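A quick write-up on the structure given underneath.
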Amino acid sequence: MKNLVKTAMSAALTVMVSTSAFAQGQSLVFSPFSLDIPAMKDLSSAIEHFSQEAGISYSSLDPKADPARQAQQLSQVIETGKVTGAWALAIRTSALRGVLQSAMKKRVAMVVSGRPEAYGMNGPQPGIAFSDINYSVYGGTLGAELAKCINEKSGGQAKVLFFGDSAANKAAELTDKAATTALANDAPKTQIVAKTDSRDRAESQQKTAQMLQANPDATAVYASNDENALGALKAFEVAGKKPVCVVAGGGAQEVRDGLKAGRIFAIVGFDFQGDAAQNFKTLQTLMQDPALPGPMLEIPVKVTK
């Protein structure tokens, strides 16, 4: 995350500097989950840098992962007129419903994580931009990349071991459904012969070994996270086999090393540097005119090969 934030700073720098003439009198506050989290502290530093280059006064809050405290802190700076813009990573969206209403009344622009309905709102709101993950796009991209590999390296046919999203929630359901749909559409002769989920590498290795015993001709792996991919690769190695196609969701260093070594076909992850840049640029626009309806932003999905 630290490297992504640094890259985001340089990637967005030109945009920030070019709009600094419009920033007179503007002030921005950032409210993360907690500044005790290193990645959140790094992100705060990046936003501070963006703000300095744009000529915007900057401050950060630290709710310490407490949704009530986050709402109280944001309400205070908005109600007292200390800021013209706020960026919040919501700890609990329902706790910030009143904050968003107050921001619109005070003409304070905001970028918040989540979707409008999570805040009791329908559609775009003046001065408020919502930022969320499109799990269908994410899963669909993973499935499409596995299909590309199978089409390129296995004649469009393969038997797949499928490690689905282990979160066991609606987001996981959307991700897995989109992945299986994309795989079926793009490589229709391919068959998913076993489905499971796992949170850690040891469990992933064990489950892959079991699935290989039942399906010794499996040659492809859909891995929803880094540990699934690494565990599966180890199980194939122990079994004296080599998978033809592996795609992984995530992007840890070991997985990137596997990509360079040709053991993994593609890594699909979220482009946090692009997200940081688009969020800041959107907030700048809304701070200049809080009456504008804010857009629904999505964290970009990035494919690395």
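Tabulated results
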quantity: Interchain or long-range residues, amide H under 5 Å from residue 131's placed H; calculated: 112, 113, 114, 297
quantity: Under Karplus coefficients 6.51, -1.76 and 1.60, residue-wise ³J(HN,Hα) of segment 116-128 in Hz, glycine/proline x; calculated: x, 5, 5, 9, x, 10, 10, x, x, 10, x, x, 10
quantity: Gain in span if fully extended, residue 37 to residue 214, counting 0.36 nm per residue against the direct Cα distance; calculated: 59.5 nm
quantity: Percent breakdown of C-alpha pair distances by 20 Å bin, ordered from the shortest bin, for the chain; calculated: 31, 47, 21, 1
quantity: Estimated distance in nm for a label pair at residue 244 and residue 185, the labels positioned 7 Å out from Cα along Cα-to-Cβ; calculated: 2.3
quantity: Stretch gain in nm, segment residue 195-residue 167, where the contour uses 0.36 nm per residue and the Cα spacing is subtracted; calculated: 8.6 nm
quantity: Over 21 Å [Cα-Cα, segment 87-185], rounded percent; calculated: 50
quantity: Selection from 166, 138, 213, by position along the positive dipole direction of segment 135-270 (Cβ); calculated: 213
quantity: Charge sum, other residues only, whose C-beta stays under 11 Å from residue 208's C-beta, Lys/Arg counted +1 and Asp/Glu -1; calculated: +2
quantity: Listed peptides 208-218, 265-275 by packing density, highest first (mean Cβ within 10 Å); calculated: 265-275, 208-218
quantity: Expected 222 nm ellipticity per residue - DSSP helices of 4 or more, -39500 (n - 2.57), all of the chain, to 500; calculated: -15500 deg cm²/dmol
quantity: Using a Förster distance of 51 Å, the FRET efficiency for residue 136-residue 72 (Cβ separation, nearest 0.05); calculated: 0.90
quantity: Long-range HN-HN contacts of residue 294 with modeled amide H, under 5 Å; calculated: 125, 127, 128
quantity: J(HN,Hα) series, segment 292-305, from Karplus relation 6.51 cos²θ - 1.76 cosθ + 1.60, nearest Hz, glycine and proline x; calculated: 5, x, x, x, 9, 8, 10, 5, x, 9, 10, 10, 10, 10
quantity: Full-stretch length increase - residue 94, residue 121 - with 0.36 nm per residue and alpha-carbon distance subtracted; calculated: 8.6 nm
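Each reported figure results from applying straightforward, stated rules to the coordinates on display, with no laboratory input. On a predicted model such as this, the values are computed, not experimentally measured, just so you know. All Cβ positions, even for glycine, are placed from backbone atoms using ideal geometry, and neighbour counts span all protein chains on display.
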